[in-house]
1. State whether the residues of the range B:39-57 include one that is touching a residue at least 60 places away in the same chain (Cβ under 8 Å), within 14 Å of chain A (Cβ to nearest Cβ) and surrounded by 20 or more Cβ atoms within 10 Å (Cβ to Cβ).
2. Identify, from the list A:376, A:380, the residue that is in contact (Cβ under 8 Å) with a residue 60 or more places away in the chain, in contact with a strand residue (DSSP E or B) (Cβ under 7 Å, 6 or more places away or on another chain) and of a type in the set (A, V, I, L, M).
3. For residue B:443, indicate whether it is touching a residue at least 24 places away in the same chain (Cβ under 8 Å), more than 14 Å from every other protein chain (Cβ to nearest Cβ) and either over 17 Å from the mean Cα position of the chain (by Cα) or part of a strand (DSSP E or B) (or both).
4. For residue A:248, indicate whether it is at positive phi and surrounded by fewer than 18 Cβ atoms within 10 Å (Cβ to Cβ).
5. Where in the range A:378-470 are the strands (runs of 3 or more DSSP E), entirely inside, with at least 1 residues that are in contact with a Cys (Cβ under 9 Å, 6 or more places away or on another chain)?
6. Residues that are within 14 Å of chain B (Cβ to nearest Cβ) and modelled with pLDDT of 95 or more: does the range A:104-112 have at least one?
7. Pairs needed: first member in the range B:452-466, closer than 16 Å to residue B:415 by Cβ; second member anywhere, surrounded by fewer than 17 Cβ atoms within 10 Å (Cβ to Cβ) and charged (D, E, K, R); C-beta distance under 8 Å; at least 6 residues apart or different chains.
Amino acid sequence: MTGPSAGGLLEGSLEIVHVGIEAVALAAEATGAHVTRVDFRPPAGGDPARIRALSELLSGPAARAIDAANARALARLVASRPHLVGIGVARDVIPGMADDLFLHAGPPISWDRMCGPLRGAVIGGLLHEGRARDVAEASRLAASGAIRFEPCHHHDAVGPMAGLVTPSMPVFVVEDRAAEGAGGRTYCTLNEGLGKVLRYGAFSGEVLARLRFMQTELAPVLAAALALRGPVDLKHLMAQALQMGDEGHNRNRAATSLLFRDLAPAIVRATEDRERAARVLEFVNGNDHFFLNLSMPMAKCMLKAAEGEPLSSLVTVMARNGTDFGLQLGSMPGHWFKGPAQMVRGLYFPGYTEADANPDIGDSAITETAGIGGFAMAAAPAIVQFVGGTAADAIETTREMGQITAGANPGFAIPQLGFTGTPTGIDVRLVEERGVLPSINTGIAHREPGVGQVGAGLVHPPWEAFHAALLAFSEHVRAVGPKDRG
Amino acid sequence: MNVLVLVREGCYQDSARLMQVSRELSALPGVVEAVAMMGTETNRTLLAEAGFADPALDRATPLDMVVALRAGTAHALEEAQGALARVLAGAAPAEKAGGPARRPGTVAEALAAHPAARLVSVAVPGPYASFVANRALDEGRSVFLFSDNVPLADEVALKERAVRLGLLVMGPDCGTAIIAGTGLGFANRVDRGPVGIVGASGTGIQELSCTLDRAGVGISHAIGTGSRDLSEAVGGSMTEMGLSLLASDPDTRCIVLVAKHPDAGVARRLHGVLAKLGKPVVVRYLGEVPHPSDDGVFYARSLDEAATAASVFASEGGEIGDTRSLSGTAFRPIPRPGPPGEGRLVGLFGGGSLAAEAAFVLAAHGVATVVSEERLTAGASLPSGNLIVDTGGDAYTVGRPHPMVDQTVRCGLIRSAGADPSVRGLLLDLVLGDGAHLDPAPEIVRAVADARAARTTRGGSPLAVVVSVCGSRRDPQGTERQERLLRGADIHVESTAARAARVAVRTICCPVEVSR
């Protein structure tokens, strides 16, 4: 008679994985078993309803279908080939952009709930667009309802910090050049540099002057150079930068340098006026974060490729508006799951403290969502002091993110980890099972409009957003998922 | 009274450690009450009702540890608060202090690093147990599920899934298993041998395996199923799988099934399975009169008899139905520890199955017993009649350690019942082995001595005490030493609960002898 073997349970000596009370493990060890202990934490925050939902999603009839959907989504993300294909004006190239529409970072928000830096950016945007002559008029206009506010993410765009996009701003156009082209086109403004800048809510004369320079010199020169040189393979560039100490969010020095080196000849050739060319090259050279506004639309493009699997539990958007944090799942695009924006732990510039800081803000967490930024921390030991740690902590962060992701992106290899790919594809199920939140590297904005950046550090999303996403996804799977037990 | 509620965020501790923290804080000078619990909704309600209502308590989550302190003085409260860090450091596993590798965070991660592990053992609080067990099944591993307080519906779902996957789920509430010589939960260090056991009863498996070990027979494997496996709802699915595993196991020559109060329909269906296993089978349904069977399945009248029958069937030439050759523990003469006296019997057990076995044997000898479901309190007057008390039952163990680990409650009852002049004799069990109290006999000896002293001052008759010791020669407590200590204190020692019950019968006057 050959019955079940229960996985060969009775054959040979016993090796055990143990979860829970220590005495049980000790007894097994005392009688000859090899015991591996699991560091148990209650899943899903210990909440009975969420544990039930999570158990169903991990072990129930739909679990394997969800795994397969995630694998397909991840494969498309990895296969996408975002290229910088050009520079256009927001009102001309961004789908749905209109003259009375301002785009902002994070989930939807009305003027009355906007934080200081976002209000400052809106005021600066109105001054820049010539819609208001002074701050008072701009504030009145913003509150009047004459301007509509919508998230960048609703228009395939992303923006760092306040993420403000006004109709006349120049934007990078990024396009998925993979055969399937599932990522489509994504958009992002050009990076202004550090200090007093619009994205941190500053709107002084120097901020507006810089925006004018970017519109009238930087964008046209770069556009001409790009037309001459042809599209730039952003993933290829990012892959090199990860091996040169960047993580694509808080450190962009290597990628900016690589882009500069790549574009410089074309800029010179495409520009009659040598001084004009030099000003543009100086501007790019003087801004270590210039590439951030390309790593972000690159990440957005990769994640758009991962969207649309009806059973995928992968996160495809994480974004903050300085008041709320919001995330979206690839299976439910357009649905925001929100929680309060968190305070950033980090280092402050001289003269500033945590009391000056605004809660977390910006679409830049799209980099972590795509598996770089904080998820590639191991690649960027140079910036570990921002997150108050050591190079070993950086490696630990990347390793820990591997516990909540569906896989790795072999295109983004980290030398420090034996060239394994960055952990990619945040699975809401694994976040809830592990009790581990995504680790996001970020800048810190001053809470008052007009001041600018005051530091940089590390932040985690609020649990509320993941808890809400878990329960909604569970409902979604019940509605559309397989019901037969395998 | 000074009250303080402390919440340690994200500081998950298992129930054993929480009890340890509570105990150590309670022992501090001036501390009236100290309770460490995780901040689940149930626990928060419990604490609020116990006079610890506090805004901090309302904010606690199931991942936060709540420590509630009540002390006589503000100073004592402050001292206790200061001691918490020290107590917590002591409660943490040793290797956390700069020790070796970080532990894996999930079953899947652990299995990825140790793919040869075939079993996942789960001893987490009940509300998390089926989640973790399912994750083990996801990885194609069988499960030893020590956790209790798992809803019946979850158990049914887990076991249905295990059947589909061809995997074994031992539990929930599985106290004992021995797989390939490794003890899981509460188990005795018994020799390996030809008898395989499937049991829905932890102490039933322990007594059976120890009896076989003492007889020099040994066991191949003991597969636990959890106490509800033979209920109508569960339907005996894991019992059936365990039997089938042992039927195809080359090391197993004879199979014993032990369970308490199976559902009649399930037992009928199982009989068909048992008859077709192709190996000799012995069954002991604890607390029940065996049905005669003529198709080779031997239903024993006691665990003793089951062990004896199994040794016969497992030996060379032993045959099914060869009951005439039965000898050994079950049939050795029963001694009389002294002249019978007036009064009643009180049985105070740590093992539920042993309690049931004792009650059955007493009844068979005309001693009717009352099985007390209510929680008895030391010092309060006892209910009338011959009593059987399972101090390992739910009434005694919710939020408290099992009497096999911590005898405080049972020893209190020994003192209280033993001092009662209406009580002629005490009937006890003492379960040894891994997981159990490391040196239990001295505590029993002290409690019995206290009871006898109190009784003498009240002018009562001598108190007879009979203990069944469930232990093997190799158990960490030193079974011989434990027995010697008991005997030295004028306590009669037997090897099984059934024998102890029969001895106890002889200590009281006028039981009706029933011929068997």
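1. Residues of the range B:39-57 touching a residue at least 60 places away in the same chain (Cβ under 8 Å): B:40.
Pick out the ones that are also within 14 Å of chain A (Cβ to nearest Cβ) and you get B:40.
Within this subset, residues satisfying the condition of being surrounded by 20 or more Cβ atoms within 10 Å (Cβ to Cβ) are B:40.
Scanning the range B:39-57 turns up at least one residue that is touching a residue at least 60 places away in the same chain (Cβ under 8 Å), within 14 Å of chain A (Cβ to nearest Cβ) and surrounded by 20 or more Cβ atoms within 10 Å (Cβ to Cβ).
2. Numbers: A:380 fails: in contact with a strand residue (DSSP E or B) (Cβ under 7 Å, 6 or more places away or on another chain).
Result: A:376 is the single residue among A:376, A:380 that is in contact (Cβ under 8 Å) with a residue 60 or more places away in the chain, in contact with a strand residue (DSSP E or B) (Cβ under 7 Å, 6 or more places away or on another chain) and of a type in the set (A, V, I, L, M).
3. Yes: the conditions hold for residue B:443.
4. Values: at positive phi: yes; surrounded by fewer than 18 Cβ atoms within 10 Å (Cβ to Cβ): no.
So residue A:248 fails the test.
5. On the way: elements: A:405-414, A:420-426, A:440-445, A:453-459.
It comes to A:440-445.
6. From the range A:104-112, those within 14 Å of chain B (Cβ to nearest Cβ) are none; that's our starting set.
Within the range A:104-112 (the criterion being within 14 Å of chain B (Cβ to nearest Cβ) and modelled with pLDDT of 95 or more), the answer is no, since none of the residues qualifies.
7. Close Cβ pairs (under 8 Å, with a partner that is surrounded by fewer than 17 Cβ atoms within 10 Å (Cβ to Cβ) and charged (D, E, K, R)) amount to B:465/B:490.
Yes or no, residue by residue, for (1) modelled with pLDDT under 95; (2) out of contact with any Lys or Arg (no Cβ under 7 Å at 6 or more places or on another chain); (3) farther than 19 Å from residue A:279 by Cα:
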{"site": "A:202", "(1), (2), (3)": "yes, no, yes"}
{"site": "A:208", "(1), (2), (3)": "no, yes, no"}
{"site": "A:213", "(1), (2), (3)": "no, yes, no"}
{"site": "A:217", "(1), (2), (3)": "no, no, no"}
{"site": "A:224", "(1), (2), (3)": "no, yes, no"}
{"site": "A:235", "(1), (2), (3)": "no, no, yes"}
{"site": "A:240", "(1), (2), (3)": "no, yes, yes"}
{"site": "A:247", "(1), (2), (3)": "no, yes, yes"}
{"site": "A:257", "(1), (2), (3)": "no, yes, no"}
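The values are calculated or read from the model by the stated rules, or taken from the named source; none is laboratory data. This one's a predicted model, so the numbers in the text were calculated from it and none came from an experiment. Backbone-built Cβ (ideal geometry, glycine too); neighbour counts: all protein chains shown.
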